[in-house]
Amino acid sequence: MHSPVKLVKSMWSDLKGSRELAWRLFVRDVSARYRQSYLGIFWAFVPALLSGLVFIVLNAKGVVNFGKVDIPYPVFAIIGTTLWQLFSESINAPLKAVTSGKAMLAKINFPREALILSAVYEVLFGFTIKLVLIVVVMLFFKVPFGPGLLLSLPAALALVFLGIALGMFLTPIGMLYGDVGSALTVLIQLWFFVTPVVYPPPQLFPYSLVATLNPVSPLLVGTRELMTKGTMTDLPLFMAICVCTLIGLIVAWFMYRVTMPIIIERMSS
Amino acid sequence: MSDVLVSVDNVSKKFCRSLKKSLWYGVQDMASEMLGRSGKHELRPDEFWAVKNVSFELKRGECLGLIGHNGAGKTTLLRMLNGLIKPDQGRIEIRGEVGALIALGAGFNPILTGRENIYVNASILGMGKREIDKKIDEIIDFAELGEFIDSPVQNYSSGMQVRLGFAIATALEPDILILDEILAVGDAPFRTKCFNRIESLSSRCAVIFVSHSMPQVTRICDTLLLMQKGAPLRHGHDLGEIILDYHTSTDNADVAASVEGSQHGSIKAIQIHNSHGEATRSLVYGEPWSISASIDLGEETARLDARFMITINDQEETNVAQLEKLIPAPQKLRQFVLSMSYDECLFNSGKYYLTASLQFGKKGTLAYVARNMFVLNVKRDISGYAPIILQQRHEAITPVNGK
């Protein structure tokens, strides 16, 4: 941190240098995972599908009433839970990647960005599989496709980056104290309910805070709108969150780099 | 041209004994690092200097041996050199690529095949795809894996995994090579192969070698740095002398002296005298020396033939030499001092433990054994691999076929 210019330069060159390694790590993890499983990619969308189904059933039976949505509710719910899964995977990814790479980190000097980058690849890989689920559900319920579906891909990327940035903020402390990981699990469960995933954004005042204070809401809702309707109701807010995410990502990356030697020092070799 | 690849200038590093405090200090350090402050000069409670004021320079083609007993700070210093952790004080400058043979086979995934793991492990160590493609045959060949290369690594024996790891790690051609105790891997033929590989690498780079095996150290290194409790104790080209200091810096308590046997007789004391007739605990290679033992045979056993014997162990607890003297029964002596003298001290540089014993009768019943009764240090200018260096009486160089 004593020479910022040098730090930025080395950050950039390490990012470039870590692409190939990140790809290798990604290929390693994915191929090892699928070689040891019969159902394979099935697991990529099962959680989203199941939690979506629960809410579809609850809604259809009138057990809960989430108010009116302007597309078939199953499409609304499945897209919502899929995008939520994408976010929660992203926020967990950095800590998970660094923890599983601990032995390597403690002994070998390689660009530390590679671990995060390969985690991002893995999240995106899972997302492409989930996209198939979304397309199937939309076809089944005859929701028309538009160019919005393509536009929604970069929008979903914003969701990934928000998750990665938040996850990277937590990684340094999370590597030292196990509490962070446990708290994160609880937090994400709660967060699901205060995000308009399976219900439309509330309009009434105290509840509408859910949509305005929660940075995930505009991204998730906006991406879903792009997918199903091709437009976004609150584009400025969406863009503002994107800019904040980008800034947050860079700051988190700074932190990650600067704190890594200190974390390794506290780990056993 | 002075091609200095590594320069270490007054480097120090703190460590913490207590885990809870260590983690909390970690949080503090992260905070102060983010704010760009550095308050790293004092020890906080429960901290100590794991490395203190170490300095050295290393040029291409040189090899520095890092020796010291466990906890001397060698590994911490290596981790700093490797760029894994930062020094709290001082500067480390590295010019060139660092290759560390520390974690062999890091990042191996047991499910994947050997070939796939070569790609992963080599990229972790910093090789690009094209470079790996070029070297993969050489790697497979060196690791002696044959047709196993396409089966999952989890089916490999531990020796095969280590061989593969070593083959990948040495396929790199770094400017600075860091070796931490890795020559203790594999079976004997493979170890020899490893050694040759390292020697061929080391001519082109600067090597930093950590080992507890003094024969290995003397074989590879030009200079030695002896560390004790984090601080540099000795540094220089004088290998023999520094190795001797390494040996003497151990507490003698590490090899426990003990007494066994039926106790029909005992050995009261042993003394060693140097060429000037002075009692000493250290000899120089080649000097005349003598050993004397005060022996008490006891009443019953004084009538039997007795045999006095000293076995000499080196640091690795291998018996390297034996001194003995038959004491015939008719002497009727009970208490006496036995002296034996030798023309030359033939031991190599190092530390030796003397075990004295008394045996009686035809079967050689053990009456008294005093294990590690005496510790002897020997100094020799050039060290080598073996504990004993024989002196030739004659030597001749004869031309063959008149050439």
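The values are calculated or read from the model by the stated rules, or taken from the named source; none is laboratory data. It should be emphasised that the depicted structure is a prediction, and the values quoted were computed from it without experimental measurement. Methodologically, a virtual Cβ is constructed for each residue, glycine included, from the backbone with ideal geometry; neighbour enumeration extends over all protein chains shown. Accessible surface areas use protein heavy atoms only, side chains included; no ligands, DNA or RNA. Shrake-Rupley method; radii C 1.70, N 1.55, O 1.52, S 1.80 Å.
Quick query: amide H of B:THR365 versus all other amide H atoms, modeled in the peptide plane; which residues come in under 5 Å with a sequence gap of 5 or more or a different chain?
Answer set, sorted by chain and number: B:PHE360.
Accessible area per residue of the stretch B:4-248 at 1.4 Å probe, in Å²?
41
Report, by chain and number, residues whose modeled amide H sits under 5 Å from the one on B:ALA306, excluding near sequence neighbours (fewer than 5 apart, same chain).
Amide H neighbours of B:ALA306: B:ILE327, B:ALA329.
Using modelled backbone amide H atoms (1.01 Å from N, in-plane), which distant-in-sequence or interchain residues come within less than 5 Å of B:LEU233's amide H?
B:LEU226, B:MET227, B:GLN228
Show that you can apply the helix-only estimate: for chain B, add -39,500 (n - 2.57) for every DSSP H stretch of four or more residues, divide by all residues, and state [θ] at 222 nm to the nearest 500.
-7500 deg cm²/dmol
Sequence gap at least 6, Cα distance under 8 Å: using those rules, report the relative contact order of chain B to the nearest whole percent.
Relative contact order here is 16 percent.
Give me the percent of the accessible area of chain B that comes from carbon and sulfur atoms, probe 1.4 Å, all protein chains in place.
49
Of all DSSP beta bridges located in chain B, what percent are antiparallel, nearest 5?
75
Name all residues of the stretch A:30-65 having a backbone nitrogen under 20 Å from the label point set 7 Å from the Cα of A:GLN203 along its Cα→Cβ direction, giving them as ranges.
Answer for the stretch A:30-65: A:65.
State the volume of the convex hull built on the alpha-carbon positions of the protein assembly as shown, expressed per residue in Å³ and rounded to an integer.
263
Give me the accessible area buried between chains B and A, both sides summed, with a 1.4 Å probe, in Å² rounded to the nearest 100.
3400
To the nearest 0.05, how large is the calculated FRET efficiency for A:TRP23 and B:ARG334 if R₀ is 60 Å and r is the Cβ-Cβ distance?
0.10
Hey, could you grab the Kirkwood Rh for the stretch B:253-379? Inverse mean 1/r over distinct alpha carbon pairs, Å, one decimal.
15.0
Whole angstrom only: what separates the Cα centroid of the stretch A:35-87 from the Cα centroid of the stretch B:199-243?
The stretch A:35-87 and the stretch B:199-243 have Cα centres separated by 64 Å.
Evaluate peptide B:21-34: per residue, the Cβ atoms of other protein chains within 10 Å of its Cβ; return the mean as an integer.
5
Taking θ as phi - 60°, what are the ³J(HN,Hα) couplings along the stretch A:89-99 by the Karplus curve (6.51, -1.76, 1.60), each to the nearest whole Hz, with x for Gly and Pro?
5, 5, 6, 7, 4, x, 4, 5, 5, 5, 5
Could you run the Karplus curve 6.51 cos²θ - 1.76 cosθ + 1.60 with θ = phi - 60° over the stretch A:20-34 and give me ³J(HN,Hα) per residue in whole Hz, x for Gly and Pro?
5, 4, 4, 4, 4, 4, 5, 4, 4, 5, 5, 5, 5, 5, 6
Compute the angle between helix A:148-176 and the longest alpha-carbon principal axis of chain A, please, reported from 0 to 90 degrees and rounded to the nearest 10.
Roughly 40 degrees, rounded to the nearest 10.
To the nearest 10 degrees, how steep is helix B:19-34 against the longest Cα principal axis of chain B, on a 0 to 90 scale?
With rounding to tens, the tilt is 40 degrees.
For the stretch B:19-157, what mean projected area does the convex hull of the alpha carbons give, in nm²?
Result: a mean projected hull area of 12.5 nm².
Just grab the label-to-label distance for B:VAL284 and B:PHE48, each label 7 Å out from Cα along the Cβ direction, in nm (one decimal).
So the label points at B:VAL284 and B:PHE48 sit 3.7 nm apart.
Give the accessible surface of the stretch A:4-266 per residue, rounded to a whole number of Å², with probe radius 1.4 Å and ligands, DNA and RNA excluded.
Computed with neighbouring chains in place, this is 47 Å² per residue.
With each run of n ≥ 4 DSSP H residues scored as -39500 (n - 2.57), what mean residue ellipticity at 222 nm is computed for chain A after dividing by its residue count and rounding to the nearest 500 deg cm²/dmol?
-27000 deg cm²/dmol
When DSSP beta bridges are limited to those with both residues in the protein assembly as shown, what percentage is antiparallel, rounded to the nearest 5?
If we restrict to bridges inside the protein assembly as shown, about 75 percent are antiparallel.
Report ³J(HN,Hα) in whole Hz for each residue of the stretch B:199-204, in order, from the Karplus equation J = 6.51 cos²θ - 1.76 cosθ + 1.60 where θ = phi - 60°; Gly and Pro get x.
Karplus-based 3J(HN,Hα) across the stretch B:199-204 equals 5, 6, 5, 6, 5, 9 Hz.
Provide B:CYS63, A:CYS244 ordered by accessible surface of protein heavy atoms (probe 1.4 Å), highest first.
So the residues, ranked largest to smallest area, are A:CYS244, B:CYS63.
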